[in-house]
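S.K.: This is the structure I want to talk about, given as structure tokens.
The values are calculated or read from the model by the stated rules, or taken from the named source; none is laboratory data. Quantities reported herein were computed from a predicted structural model and do not represent experimental measurements. Backbone-built Cβ (ideal geometry, glycine too); neighbour counts: all protein chains shown.
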Amino acid sequence: MKMKAAILTELNKPLVIDEIEVPDVLEYGQVLVKIHYSGICGSQINEILGAKGPDKYLPHLLGHEGGGVVEKIGPGVSIVKPGDHVVMHWRKGNGIQSPTPKYTWKGKPLNAGWITTFNEYAIVSENRITPIPKDFDLAEASLYGCAIPTAFGVIQNDAGLKTGQSIIIFGAGGVGVATILMASLAGANPIIAIDINDYKLKSAKHYGATHLFNSKKESDLKKKLLELLPKGADVVVDTTGNKGVMELSYELTAQEGSTVLVGVPKAGDNITIDSLPLHFGKKLTGSHGGDTEPSTDLPRLIKLQQSGRFELKKMITHTYPLDKINEALDMVRTGDTIRCVVKMI
């Protein structure tokens with residue numbers, strides 16, 4: 001079988017859109033999914049940039065959040081069956097960890113991980129998909145592959161935020177806005193959103209931010225924030241991965257508060273902090289997807305959304321076809337979007 005896919009062939013270059021060969025036979029624990037929508041996460045921008053250093057797997061496929069329908073299952077698969085609607089996620093859930101798929105492109109092997117979503121179909125490891133109700137919107141389902149569960153885990157697991165505690169969130173992109181939403185659901189107050197883009201801050205307000213700051217327009221942001229919270233915030237979350245912002249996040253955290261670093265810095269961008277407060281109750285945590293458990297957390301969150309507690313439609317601000325994925329990536333780079341999705345069909 002052939003399918004269209006977006007391929008990373010060189011760092012800092014546009015993705016190549018081309019047909020690739022998909023194996024006809026699935027291996028143990030593999031699931032063939034017809035992808036309807038894929039989200040674009042900042043992690044993919046970093047992969048294209050080579051933010052973590054040289055990429056030894058080129059050429060390869062990309063994407064780690066999607067919504068689709070199961071076409072076929074391989075030996076041993078029991079979590080899903082053909083026809084099931086699923087969220088595709090990068091964190092491990094229940095089920096088998098399968099071998100990675102053996103795609104070919106122009107007669108040569110094409111690398112891919114246990115999940116990729118910048119392609120019309122994907123052979124996915126069973127433990128990277130979770131079944132969802134068939135009446136759930138598959139575009140919104142793609143948000144549950146990364147942004148929503150990460151934000152949920154940041155608030156519930158990494159920060160352990162309690163009702164009435166204060167929180168500052170740096171970066172109001174997809175994960176940042178989702179973190180604002182989850183902080184609001186948890187009863188945080190105040191919820192302070194900071195970004196350099198007014199478009200994003202408008203969305204932050206919609207999803208529960210009580211105070212907004214454009215850091216490009218503030219001459220002394222730290223002073224303004226400490227006027228609001230003289231002792232610092234109970235929780236400060238950085239989603240930017242910017243060295244200076246990460247250091248500021250730690251400085252703005254209260255004596256017994258928690259700093260959670262979600263954004264991943266470029267290789268070599270080491271932060272400098274005063275570590276003494278860590279011995280007296282201050283916490284500094286690097287988040288790995290919020291340590292969420294997709295197989296249990298996603299169904300609970302989707303059920304909560306379906307009950308009417310929150311909506312996600314306004315998080316999806318732009319939709320592009322696969323042929324225009326490079327335009328979608330450029331849109332993400334401008335910052336004038338919350339979550340871009342790629343529509344496959």
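S.K.: Considering (1) within 30 Å of Lys134 (Cα to Cα); (2) touching a residue at least 24 places away in the same chain (Cβ under 8 Å), say which one Glu311 fails and leave the rest.
M.R.: (2)
S.K.: Can you name every residue in the range 156-183 that is touching a Gly at 6+ places or on another chain (Cβ under 8 Å) and either assigned to a helix (DSSP H, G or I) or in the same structural domain as Glu65 (by TED's automatic domain parsing) (or both)?
M.R.: Gln156, Asn157, Asp158, Gly174, Val175, Ile180, Leu181, Ala183
S.K.: A follow-up question, please. Can you give me the ranges of the helices (runs of 4 or more DSSP H) entirely in the range 210-322 with at least 3 residues that are at pLDDT 95 or above, under 24 Å from Leu185 (Cα atoms) and outside the structural domain of Val154 (by TED's automatic domain parsing)?
M.R.: Here the list reads 294-306.
S.K.: Given the options Ser287, Ser307, name the one that is surrounded by 13 or more Cβ atoms within 10 Å (Cβ to Cβ) and out of contact with any Lys or Arg (no Cβ under 9 Å at 6 or more places or on another chain). Reasoning before the result, please.
M.R.: Working: Ser307 fails: surrounded by 13 or more Cβ atoms within 10 Å (Cβ to Cβ).
Step by step, each of Ser287, Ser307 is checked, and only Ser287 is surrounded by 13 or more Cβ atoms within 10 Å (Cβ to Cβ) and out of contact with any Lys or Arg (no Cβ under 9 Å at 6 or more places or on another chain).
S.K.: Same structure, new question: State the number of residues belonging to the range 162-184 that are within 14 Å of Leu312 (Cβ to Cβ) and touching a helix residue (DSSP H, G or I) at 6+ places or on another chain (Cβ under 8 Å).
M.R.: 8
S.K.: Within the range 116-158, restricting attention to residues that are among the β-branched types (Val, Ile, Thr), buried (at least 23 other Cβ atoms within 10 Å of the Cβ) and more than 21 Å from Pro14 (Cα to Cα), which residue is farthest from the chain's Cα centre (by Cα)?
M.R.: Filtering first and then ranking leaves Ile123.
S.K.: (1) under 21 Å from the mean Cα position of the chain (by Cα); (2) outside any strand (DSSP E or B); (3) surrounded by fewer than 21 Cβ atoms within 10 Å (Cβ to Cβ): which one isn't true of Lys34, the others all being true?
M.R.: Unmet condition: (2).
S.K.: Here is a follow-up. Based on what the data block shows, is Tyr207 over 16 Å from the mean Cα position of the chain (by Cα), buried (at least 20 other Cβ atoms within 10 Å of the Cβ) and either without any contact (Cβ under 8 Å) to a residue 12 or more places away in the chain or outside the structural domain of Pro131 (by TED's automatic domain parsing) (or both)? Write out each step before concluding.
M.R.: Numbers: over 16 Å from the mean Cα position of the chain (by Cα): yes; buried (at least 20 other Cβ atoms within 10 Å of the Cβ): yes; either without any contact (Cβ under 8 Å) to a residue 12 or more places away in the chain or outside the structural domain of Pro131 (by TED's automatic domain parsing) (or both): yes.
In short, yes.
S.K.: Moving on to the next point. The conditions are (1) in contact with a helix residue (DSSP H, G or I) (Cβ under 8 Å, 6 or more places away or on another chain); (2) free of Cβ contacts under 8 Å to residues at least 60 places away in the same chain, and Lys81 fails exactly one of them. Which is it?
M.R.: (1)
S.K.: Next question, about the same structure. Restricting attention to the range 255-283, which residues are touching a residue at least 60 places away in the same chain (Cβ under 8 Å) and among the small types (Gly, Ala, Ser)?
M.R.: Passing the criteria: Ser258, Gly263, Ala267.
S.K.: Just to verify a result, which residue in the range 1-18, among those that are assigned to a loop (DSSP other than H, G, I, E, B) and hydrophobic (A, V, I, L, M, F, W, C), is surrounded by the most Cβ atoms within 10 Å (Cβ to Cβ)?
M.R.: Here the answer is Leu15.
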